[in-house]
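The values are calculated or read from the model by the stated rules, or taken from the named source; none is laboratory data. All values derive from a computational prediction rather than experimental measurement. All Cβ positions, even for glycine, are placed from backbone atoms using ideal geometry, and neighbour counts span all protein chains on display. Please note that ligands, DNA and RNA were not included when accessible areas were found on the heavy atoms of the full protein model with its side chains. Shrake-Rupley method; radii C 1.70, N 1.55, O 1.52, S 1.80 Å.
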Amino acid sequence: DTEVTQTPKHLVMGMTNKKSLKCEQHMGHRAMYWYKQKAKKPPELMFVYSYEKLSINESVPSRFSPECPNSSLLNLHLHALQPEDSALYLCASTSGTSGLNTEAFFGQGTRLTVV
Amino acid sequence: AQSVTQLGSHVSVSEGALVLLRCNYSSSVPPYLFWYVQYPNQGLQLLLKYTSAATLVKGINGFEAEFKKSETSFHLTKPSAHMSDAAEYFCAVAGNTPLVFGKGTRLSVIA
């Protein structure tokens, strides 16, 4: 199984809502990532979890709150988002965090629209 | 520090023609290089990767890339374009940091 599964595929939320994005992998990977991708742009790294601990936060606003309940699951909690936060949110996993072990497996993404 | 530069934000080829997507990298450590493809509203799929075992790397869907250290390049090629190759292509480099992506090249294939 080389899949990274993200739910939901689409999400529309108001600026006062609280919602969560979910990501799951069963490849035994020990690093998981959240990326944000705007239209016609490359993915931008948001967070990295390594062995279930937050290792990188790329100065992401606090309205985005990641959580790694166990080695297979990664959540992104959303609260008080702005319309400019609308984007494709991608989850990825890697077996490690350096060198060849950074070959990333990506989920299909969640298309988020903030209204 | 690591970075990737993709030359050409948009490449257009005729069906059956050669595909060449350019990627140059910069890395302070021996690099690992990757090409990913992204279809509209989907995630990224790995096409191929350079692992230092061989400089000519073959990937899925008939794509290949050659690592040239002297030119710091890792260009992606395919001998004959197919309509289904139309997509966004990202070159990425890894070393001692998470993947760093280039800005992407949109490939259009004309019938």
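What FRET efficiency do you get for A:ASN17 and A:ASN70 if R0 is 22 Å and r is their Cβ-Cβ distance, rounded to the nearest 0.05?
Efficiency, rounded to the nearest 0.05: 0.25.
Which residue, A:SER20, A:SER65, A:SER98, has the most motion in a Gaussian network model of chain A that connects Cα atoms within less than 10 Å?
Highest fluctuation among the options: A:SER98.
Note down the nm distance, to one decimal, between modelled labels 7 Å out along Cα→Cβ at A:LYS38 and at B:GLU71.
Those two pseudo-labels are separated by 3.3 nm.
Name the residue farthest towards the positive end of the dipole of chain A from the options A:ALA31, A:THR102, A:LEU112, assuming +1 on Cβ of Lys and Arg, -1 on Cβ of Asp and Glu, about the Cα centre.
Towards the positive end, the residue furthest out is A:LEU112.
Identify unpaired cysteines across the protein assembly as shown, taking unpaired to mean no other cysteine Cβ lies under 4.7 Å from the residue's Cβ.
A:CYS68
Using a 1.4 Å probe and counting only protein heavy atoms, how much accessible surface gets buried when B and A come together, both sides summed, in Å² to the nearest 100?
On the way: alone 5990 and 6400 Å², together 10750 Å².
Chains B and A together bury roughly 1600 Å² of accessible area.
Please identify, among B:VAL11, B:VAL37, B:VAL93, the residue showing maximal mean-square fluctuation in a Gaussian network model of chain B using a 10 angstrom Cα cutoff.
Highest fluctuation of the listed residues: B:VAL11.
I want to verify a result. In a Gaussian network model of chain B, Cα cutoff 10 Å, which of these has the top mean-square fluctuation: B:SER14, B:SER84, B:SER70?
Result for chain B, Cα springs under 10 Å: B:SER70 fluctuates most.
Looking only at other chains, what is the average number of their beta-carbon atoms within 10 angstrom of each beta-carbon in B:93-104? Display every interim value, and only then the final one.
On the way: counts 1, 9, 4, 4, 6, 15, 10, 3, 7, 1, 3, 5.
Taking the mean over all residues of the peptide, I get 6.
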